[in-house]
Amino acid sequence: MPRTFDIAVIEGDGIGPEVTREAIRSVEAAAALDDAAFEWNSYPWGTDHFFEHGQMAPDDFLDTLAKHDAILLGAVGHPDVQDHLTLNGLLLPIRRQFDQCVCLRPSYLYDGVESPLRDKAPGSIDIQVFRENTEGEYANVGGRLYADRPHDVAIQTSVFTRHGCRRIIQAAFEKATARPARQVASITKSNAQGYGMVLWDEVFEEVASGFPDIQTESLLIDRAVMEFVRRPESFDVVVASNLFGDILTDLAAIVVGSMGLAASANIDPTRTHPSMFEPVHGSAPDIVGQGIANPLAAILSAAMMLEHLELPRAAVAINGAVKAQLSDRGPRTPDLGGNATTQETGEAIAARIASSSEATG
């Protein structure tokens with residue numbers, strides 16, 4: 001009897017529905033490998049809901065999501081709605097309510113994909129960024145005084161707690177123990193942020209002392225962005241605050257060839273709440289409806305979901321299909337130099353998964 005998983009699907013905005021469909025297609029193709037079945041519960045939340053109701057989702061949307069095993073998100077954002085309304089109306093409340101404190105964003109240079117940096121061999125760039133996901137610079141603490149007047153004042157406060165710093169840094173070190181390079185780089189700005197980032201540095205040193213076999217380095221964010229371009233192959237596991245992690249992973253995605261390959265997981269390590277899986281690329285309003293959005297980031301995010309749900313064979317099959325398709329220069333979208341549509345790319349991945357299932361079945 002297959003194990004059945006209830007997945008909340010928020011296709012969201014822009015290209016979200018287009019790429020999410022292909023992610024689901026890949027999961028369905030791989031499910032039998034782990035004797036799993038999926039119930040996909042779709043929720044029409046996002047900016048269309050905002051235009052109709054004045055909010056991104058219903059008041060009880062978090063209660064609805066809490067009943068599921070995981071959340072698969074397409075994209076959030078619309079050019080006619082300010083980003084702070086979309087993020088704080090849907091995405092950030094999910095991360096906070098479900099204590100998804102670990103945002104894991106991998107960047108890997110696949111065979112068959114060219115980096116904009118010269119002479120980078122396939123597999124030479126393999127970075128796992130652990131982004132603190134529930135506090136830091138995204139805590140949304142502060143306010144406005146004298147709004148819309150000449151003496152308008154805006155106060156934005158970052159929040160760093162010892163508990164929050166420790167658990168993301170601990171997660172990064174634990175990941176490093178399972179990787180060949182066994183390295184962790186901490187990203188900071190404690191020379192300018194003398195309270196929050198000093199606490200971050202202190203906790204990093206405390207956690208590092210418990211992992212004597214792991215090599216460490218601590219980089220200021222301005223140096224880190226330079227080194228991500230100058231020597232990306234030297235990074236293994238990177239741990240960073242909410243803002244710094246966001247900036248670095250956008251850069252890392254381009255370094256390995258395309259935002260269309262940027263997958264992510266928002267994880268509650270305790271598994272008390274559902275975790276959420278989403279491509280990093282956003283809603284891409286400039287290409288909506290053209291059928292050229294790259295579905296691979298969404299597909300790779302779905303593979304991360306399967307791994308989290310402890311369906312390893314299915315996850316390996318999806319990752320292997322993506323790797324093989326890129327290496328073989330199979331169907332790919334224009335951002336990777338191809339001419340295939342979103343659907344053609346997704347169907348080709350699903351076909352490869354099905355073939356691997358038959359070979360192992």
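No value in this document is a laboratory result; all are computed from the given coordinates. Because the structure is predicted, anything quoted here is derived from the model rather than measured. Backbone-built Cβ (ideal geometry, glycine too); neighbour counts: all protein chains shown.
Hey, if you drop one equal point scatterer on each alpha-carbon of region 254-361 and run the Debye formula without solvent, what base-10 log of I(q)/I(0) do you get at q = 0.09, 0.11, 0.14, 0.24 Å⁻¹?
Log10 I(q)/I(0), no solvent term: -0.24, -0.36, -0.58, -1.34.
Cut-off under 28 Å on the C-alpha distance; same-chain residues fewer than 8 positions from Lys175 excluded. Which lysines are left, in chain and number order?
Lys120, Lys189, Lys323
Return Cys101, Cys165 ranked ascending by Cβ neighbour count within 10 Å, so the fewest neighbours appear first.
Cys101, Cys165
Work the Kirkwood hydrodynamic radius out for region 147-212: mean of 1/r over every pair of different alpha-carbon atoms, inverted, in Å.
Roughly 13.8 Å, rounded to one decimal.
Tabulate in residue order the Karplus-calculated ³J(HN,Hα) for region 230-244, using 6.51 cos²θ - 1.76 cosθ + 1.60 with θ = phi - 60°, rounded to whole Hz; enter x for Gly and Pro.
Karplus-based 3J(HN,Hα) across region 230-244 equals 6, 9, x, 5, 7, 8, 10, 9, 10, 10, 8, 5, 3, 6, 5 Hz.
Tell me the net charge near Asn294. Cut-off is 13 Å between Cβ atoms, Asn294 excluded, with +1 for each Lys or Arg and -1 for each Asp or Glu.
-3
Which order do Met1, Met305, Met197, Met259 fall in if you start with the one that has the fewest other Cβ atoms within 10 Å?
Result, fewest neighbours first: Met1, Met259, Met197, Met305.
Exposed loop trypsin sites (Lys or Arg not before Pro) only (DSSP loop, at most 13 other Cβ atoms within 10 Å): please give the longest stretch of the chain free of them, not including the sites.
The answer is 119-270.
Which whole-number value in Å³ per residue fits the convex hull of the alpha carbons of the chain?
152 Å³
Based on other C-beta atoms within 10 Å, arrange Trp45, Trp40 from fewest to most.
By the 10 Å Cβ count, ascending, the order reads Trp40, Trp45.
Kindly write out, for region 30-37 in residue order, the coupling ³J(HN,Hα) from the Karplus curve 6.51 cos²θ - 1.76 cosθ + 1.60 (θ = phi - 60°), rounded to whole Hz, with x marking Gly and Pro.
Once θ is set to phi - 60°, the couplings for region 30-37 become 9, 4, 5, 4, 10, 6, 10, 9 Hz.
Can you check what the net charge comes to around Val141, using other residues whose Cβ is under 13 Å from the Cβ of Val141 (Lys, Arg +1; Asp, Glu -1)?
My count for the surroundings of Val141 gives 0.
From zero up to wherever the largest Cα-Cα distance of region 126-255 sits, split into 5 Å bins and tell me the percent of pairs in each.
Calculated P(r), rounded to whole percents: 2, 10, 20, 21, 18, 12, 6, 4, 3, 2, 1, 0.
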